[in-house]
Amino acid sequence: MLGTTCALIAPAVHAQTAPASASPKPAASSGPSNDAVDAVTVTATRFNTTVTSVSKTPQAIIDTSQSIKVFSADELSFAGINNLSDLGKLDSGQYTTPIGSGYVTQNYFRGFGGVNTCGNFPIKINGFRSNCEMPADLSPYESVDVLKGASSSVYGQSFVSGTLLVNSKQPKKDFGGSASLSFGQFDHVEGQADVYGSLTADQRLYGRLVVSAGNEGASFETFKRKHETIAPSLKFEISDKDTLTWLLNYTHLNDGAGFGIPLAFNASGPGGAANGANYSVPDLSYKKLGFLQPPWSKHAGHWLDTSLKYEHRFDNDWRLSIAAEHNEANYDNKYLWVGAFSALPTDKTQPTNVYLYFDTERDHQWAGEVNLFGDVEAFGHKQTLFFGADYTESVLGVSPYLGRYWDGATSGFNIYKGNWSVLPDPGGVSGFASGGVYAPASFAVAYNRKEVNSGFETGAILRPSDRLTFNLGARWSNDTQRQRRVCCSLPLGSVDDAPKTTPRPDQSKWTYQLGANYALRDGLHAYLSYGTTFEAANRYGYDPAAPMGAGIFLGPQKGATKEAGVKGQSANKLVNWTLDVFETSITNSFQQDPDHSRYSMSTGAQRARGIEAEWQGKLAPGWDLTASASSTKNEYTGGPLKGLKSPFGVPLGLSVFSSYKLLDGPLKGFGFGGGYIYKKRAPYKLNNGADLSSLINDNKELDLRLFYELGAWRFDLYANNVTNNRYIAPRLSNAVGYDWFVNQPRRIYAKITAKF
């Protein structure tokens, strides 16, 4: 399934805005925009000071008691971030598998990765959980909020390391918009248009339309990406107290698909599999290593998300919102697993085994939520109360999922030769059925797995004094799964006629969030927080008594985060910063079982400790800076891996992006900037004793930018990874044979933008 991505950090959003003197209004939703900061100019920069991501109620970021950062579309564009897989460039502590395809990306925060099943996917679209897949195109989104640490008391079961919230661009009353065209290396061409304004004379009905199309060739051999997006939205002011908002995002895509590279293994060396020196990266060019797939591999289909929200403001200023959402992702996938669950031979003359796959994936989700919040007077201050309930029904459907083991001795395929022609395109199901090129299939299965997440929550923002704020939350969450499944050879029977089974136990839990925030003085706050996390598990361990059975259920994953820090904000709200120390832990971590690839293993307790520093704002008029620095130590504190460090922690990280624009003189409007990312890699030691640390390079990437603004026009020149720093990184722990990835090479492209 799709991996996730996330970033963290300080409390601010970087957006196009009105003059600095304008003061923002609290927003009623998690969207990043508000009327006071939406004036369209090319050059102005401003930061939001209010979010709803932390407690689902509008709150000044400096008053919150958790790490929270909001990235605007402008900031993402300047950093060269076109998809969620690249978001880690702005987070010094995030470990990301560096591949351009959304099909296999995985992100780790504070050294933790997720179980990554559909029901607990950490990405939220406009506050709703996502159904297994991430949006492939970020053009319809105004901002990305990154909430670090525990969030189960607000969003139900979720990753211990954080939640990623993606917020759609909202309709606007005043007419305006923008259009852009970018082009560059690797046949990169992308066009976008964004238009908004009122549709009626009284401005009670207004809307927005975002369209985007892109086509990119291969920075890696056989890799491609193509998408078309349309995202309309409408808002109707029924009265001065009632509004109705409709959002839709539809993307059709055609990408490459597949797994990462397997390592090469020389079993004749001393120590065998326990000797890390016996493993090496296959001796292939980076262009081939990056994607190791035949030309016919694909991940093609569509992604759709739509929602309808009704909001009412009572006379006492309490607010009620009722929202419904539908999400679906329908794809056809063709790909292969080079090495077929094992390392490659170092002998280049030996053939290569592969596993070929074809699946048709149909994921659907229906969700609804009701939220009510408002203020009451108590103890001489306003106290904010929140009540909410939600229900999400997700159906992951695969019909069919087919595979065929194809040994190299039979096919004649050799990855070192790259003779893909001996592995013909299976086409579809017929390629694995009787008479097909890969018949009979080694396995065939179809299923519909229905997962229901539901819960209710309550929260409070208590203000016992002018300077002290308590942030409190509690939630009960319940998760169930039911499945209809048929197997094991073609032709498959009807899934609808199959009996309904319970693939794993139902799971539920109470989770809590406690926080305190104290204003040491204006613009400087100290905070403490503690939160618990619940993540329903779908993992089973190998059962030696039944080697081919369902396995031993490993139970839910429970975690907690403790955090303390200080937050600062300048008087003009153009600078925001945070400094925090944290401890995040889970009592029941999981990994794929290296000895039994169909199963997982419980690796016991795992803990991360570290320090994070974030800064975002203006150093001077025309000079913007976003910086992140962190140090994280993530290690196993119990179980079979006790004493080992997580290979996905970042012991030392730095991310700095800055731009400077000349405001007067003959070169007025000209600007330059760039970014630098440094991430030291943690040691990679396996539970069998092998040390693979020498195979992992530190991430050292330098990006440069030139731009020129002339009236409503802006011209950008991007150069990413200028020094062409290449590194290889694994996606899974203790999975030496496969899923290692190569980052993108140097890439240069240009962009022209017009605003109106």
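Please go through region 663-679 and give me each residue that is touching a residue at least 24 places away in the same chain (Cβ under 8 Å), more than 20 Å from residue 746 (Cα to Cα) and not small (Gly, Ala, Ser), ordered by number.
Once the filter is applied, which keeps residues that are touching a residue at least 24 places away in the same chain (Cβ under 8 Å), more than 20 Å from residue 746 (Cα to Cα) and not small (Gly, Ala, Ser), region 663-679 yields 663, 670.
For region 144-172, name all the residues that are over 20 Å from residue 369 (Cβ atoms) and polar (S, T, N, Q).
161
Would you mind finding the one in 424, 503, 440 that is within 31 Å of the chain's Cα centre (by Cα), under 30 Å from residue 260 (Cβ atoms) and either modelled with pLDDT of 95 or more or not aliphatic (A, V, I, L, M) (or both)?
That would be 503, the only listed residue that is within 31 Å of the chain's Cα centre (by Cα), under 30 Å from residue 260 (Cβ atoms) and either modelled with pLDDT of 95 or more or not aliphatic (A, V, I, L, M) (or both).
Pairs, please: C-beta under 7 Å, at least 6 apart or cross-chain, first residue under 30 Å from residue 335 (Cβ atoms) and in region 259-285, second of a type in the set (Asp, Glu) and surrounded by 12 or more Cβ atoms within 10 Å (Cβ to Cβ)?
259/739; 260/739; 276/691
How many residues does region 222-241 contain that are out of contact with any Asp or Glu (no Cβ under 7 Å at 6 or more places or on another chain) and either among the polar types (S, T, N, Q) or surrounded by fewer than 19 Cβ atoms within 10 Å (Cβ to Cβ) (or both)?
13
Give me the pairs: first residue in region 307-323 and within 21 Å of residue 167 (Cβ to Cβ) and of a type outside the set (Val, Ile, Thr), second residue modelled with pLDDT under 95 and not in a loop (DSSP other than H, G, I, E, B), beta-carbon distance under 7 Å, and six or more apart or on different chains, which are they?
Qualifying pairs under 7 Å: 307/128.
Considering region 429-448 alone, what residues qualify as being of a type outside the set (A, V, I, L, M, F, W, C) and surrounded by fewer than 19 Cβ atoms within 10 Å (Cβ to Cβ)?
430, 434, 435, 436, 440, 442
Of the conditions (1) in a loop (DSSP other than H, G, I, E, B); (2) closer than 22 Å to residue 89 by Cα, residue 548 satisfies every one except a single condition; which number is it?
Unmet for residue 548, out of (1) in a loop (DSSP other than H, G, I, E, B); (2) closer than 22 Å to residue 89 by Cα: (2).
Condition test on residue 535, is it surrounded by 22 or more Cβ atoms within 10 Å (Cβ to Cβ), within 30 Å of residue 452 (Cβ to Cβ) and in contact (Cβ under 8 Å) with a residue 24 or more places away in the chain?
Considered against the rule, which asks whether it is surrounded by 22 or more Cβ atoms within 10 Å (Cβ to Cβ), within 30 Å of residue 452 (Cβ to Cβ) and in contact (Cβ under 8 Å) with a residue 24 or more places away in the chain, residue 535 comes out as yes.
Taking region 734-750 as the region of interest, how many residues are farther than 23 Å from residue 257 by Cβ and either among the hydroxyl-bearing types (Ser, Thr, Tyr) or surrounded by fewer than 21 Cβ atoms within 10 Å (Cβ to Cβ) (or both)?
Going through region 734-750 one residue at a time, the tally reaches 4.
Within region 33-76, how many residues are among the β-branched types (Val, Ile, Thr), in contact with a Lys or Arg (Cβ under 9 Å, 6 or more places away or on another chain), at pLDDT below 85 and over 28 Å from residue 749 (Cα atoms)?
Qualifying residue count, region 33-76: 3.
Residues of region 580-601 being under 30 Å from residue 50 (Cα atoms) and crowded, with 17+ Cβ neighbours inside 10 Å, which ones?
Answer for region 580-601, where residues must be under 30 Å from residue 50 (Cα atoms) and crowded, with 17+ Cβ neighbours inside 10 Å: 580, 582, 584, 585.
Could we say that residue 628 is out of contact with any Gly (no Cβ under 7 Å at 6 or more places or on another chain) and either free of Cβ contacts under 8 Å to residues at least 12 places away in the same chain or farther than 28 Å from residue 87 by Cα (or both) here?
no
Which residues, taken from region 659-718, are surrounded by fewer than 18 Cβ atoms within 10 Å (Cβ to Cβ), at positive phi and out of contact with any helix residue (DSSP H, G or I) (no Cβ under 6 Å at 6 or more places or on another chain)?
665, 711
Can you pull out the strands (runs of 3 or more DSSP E) entirely within region 681-756 that have at least 2 residues that are out of contact with any Leu (no Cβ under 7 Å at 6 or more places or on another chain)?
Hits in region 681-756: 699-710, 713-720, 728-730, 747-755.
Within region 196-218, restricting attention to residues that are touching a His at 6+ places or on another chain (Cβ under 9 Å) and of a type outside the set (A, V, I, L, M, F, W, C), which residue is surrounded by the most Cβ atoms within 10 Å (Cβ to Cβ)?
Restricting to residues being touching a His at 6+ places or on another chain (Cβ under 9 Å) and of a type outside the set (A, V, I, L, M, F, W, C), the top hit is 216.
Within region 169-190, which residues are closer than 16 Å to residue 718 by Cα, of a type outside the set (D, E, K, R) and assigned to a strand (DSSP E or B)?
180, 181, 182, 183, 184, 188, 189
Residue-by-condition table, conditions (1) touching a residue at least 60 places away in the same chain (Cβ under 8 Å); (2) out of contact with any Ser or Thr (no Cβ under 8 Å at 6 or more places or on another chain); (3) not hydrophobic (A, V, I, L, M, F, W, C):
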{"site": "558", "(1), (2), (3)": "no, no, yes"}
{"site": "565", "(1), (2), (3)": "yes, no, yes"}
{"site": "568", "(1), (2), (3)": "yes, no, yes"}
{"site": "577", "(1), (2), (3)": "yes, yes, no"}
{"site": "605", "(1), (2), (3)": "no, no, no"}
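Going through region 553-586 one residue at a time, which ones are of a type in the set (D, E, K, R) and either modelled with pLDDT of 90 or more or out of contact with any Lys or Arg (no Cβ under 8 Å at 6 or more places or on another chain) (or both)?
562, 563, 567, 580, 583, listed by residue number.
Check off (1) among the small types (Gly, Ala, Ser); (2) over 23 Å from residue 135 (Cβ atoms); (3) at pLDDT 50 or above; (4) in contact with a Lys or Arg (Cβ under 6 Å, 6 or more places away or on another chain) for residue 79 and give me the number that stays unchecked.
Only one criterion in (1) among the small types (Gly, Ala, Ser); (2) over 23 Å from residue 135 (Cβ atoms); (3) at pLDDT 50 or above; (4) in contact with a Lys or Arg (Cβ under 6 Å, 6 or more places away or on another chain) is unmet by residue 79, namely (2).
The values are calculated or read from the model by the stated rules, or taken from the named source; none is laboratory data. No experiment lies behind these values; they were computed from the predicted model shown. Here the Cβ is made from the backbone with ideal geometry for all residues, glycine too, and neighbour counts use every protein chain on show.
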